[in-house]
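The values are calculated or read from the model by the stated rules, or taken from the named source; none is laboratory data. Keep in mind that this is a model prediction, so the values were computed, not measured. Here the Cβ positions follow ideal geometry from the backbone for every residue, glycine too, while neighbour counts run over all protein chains shown.
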Amino acid sequence: MYKSNVKKEAFEKLEWFSHPQTYKESQEICFVDNDYIDILKYHFDVNKTGNVRNSKGEIIGKHKGYMHYTVGKRRGFDVPLAKELHYVLKINPRQNSITVGLFDELAVSKIKAVNFSLDDGFVNGEYHIKARYKSQKTKAYVEKKGDLIHTTLHEPLFGVARGQVLVIYKDDLVLGGGFIA
């Protein structure tokens, strides 16, 4: 189904929702008033200082708690000897550490995801994909292998994060997707 059809059908079934024309698309995590950290701090100690590591695994600084960071973020951690901007490349909750690096290190040319909606009839081939909510579609070769989706991108993407959703499109039709592994 196309998104426009799904929305139309959903609004018809939501009798209590009297103004579908004022409905605004969800952006980010829509149920949070200010910052997602405000919600997390009610349930967790979000301010546990931890180590900042470079891509070689060396400790190069400190951060204020891994829950404050997302892949691609470039502020809020301390790397005293850095002469260039650093970005979060990876988050390790078990060690309460983040790995940072230069912008180019955010680039990925392959993405693997755990399939949750591509059906058995999916044909491997060239499609468009999205790996970040606000990103543009990009071309990729997509293969379904068992429970996994493997993509080889025509151009690198920056800031792809584990746990996000990979969506596969044929033109404007969503074929399915999976959680990035």
Practice prompt. List every residue pair whose Cβ atoms lie under 7 Å apart, where the two residues are 6 or more positions apart in sequence or sit on different chains, the first residue falls within region 132-155 and is under 14 Å from G121 (Cα atoms), and the second residue, located anywhere, is assigned to a strand (DSSP E or B) and of a type in the set (S, T, Y).
Written response: V142/Y127; V142/T151
Response to the item:
The residue that is modelled with the lowest pLDDT, considering only those in region 93-109 that are buried (at least 17 other Cβ atoms within 10 Å of the Cβ) and in contact with a Gly (Cβ under 6 Å, 6 or more places away or on another chain), is L106
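Would you tally the residues in region 56-85 being within 30 Å of H154 (Cβ to Cβ) and more than 19 Å from the chain's Cα centre (by Cα)?
Our first condition is that a residue be within 30 Å of H154 (Cβ to Cβ); within region 56-85, this holds for 56, 69-74, 84-85.
Filter once more, keeping what is more than 19 Å from the chain's Cα centre (by Cα): 56, 84-85.
Final tally of qualifying residues: 3.
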Fill in: Top-ranked residue of region 116-136 - restricted to ones that are under 16 Å from the mean Cα position of the chain (by Cα) and surrounded by 15 or more Cβ atoms within 10 Å (Cβ to Cβ), ranked as nearest to G72 (Cα to Cα)
R132
Worksheet item: Given the residues K90, K112, which is the only one that is outside the structural domain of Q164 (by TED's automatic domain parsing), surrounded by 14 or more Cβ atoms within 10 Å (Cβ to Cβ) and not in a loop (DSSP other than H, G, I, E, B)?
Response: K90
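What residue, of G50, G57, is surrounded by 15 or more Cβ atoms within 10 Å (Cβ to Cβ) and modelled with pLDDT of 95 or more?
Sole residue among the options that is surrounded by 15 or more Cβ atoms within 10 Å (Cβ to Cβ) and modelled with pLDDT of 95 or more: G50.
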Worksheet item: How many residues does region 149-158 hold that are at pLDDT 95 or above and surrounded by 14 or more Cβ atoms within 10 Å (Cβ to Cβ)?
Response: 4
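What about A161, is it within 30 Å of D38 (Cβ to Cβ) and buried (at least 18 other Cβ atoms within 10 Å of the Cβ)? Even if it seems obvious, please write down each step before you answer.
On the way: within 30 Å of D38 (Cβ to Cβ): yes; buried (at least 18 other Cβ atoms within 10 Å of the Cβ): no.
So A161 fails the test.
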Worksheet item: If you check G61 against the conditions, is it under 28 Å from H43 (Cα atoms) and part of a loop (DSSP other than H, G, I, E, B)?
Response: no
Practice prompt. State whether the residues of region 15-38 include one that is outside the structural domain of L89 (by TED's automatic domain parsing), farther than 25 Å from Q164 by Cβ, hydrophobic (A, V, I, L, M, F, W, C) and modelled with pLDDT of 60 or more.
Written response: no
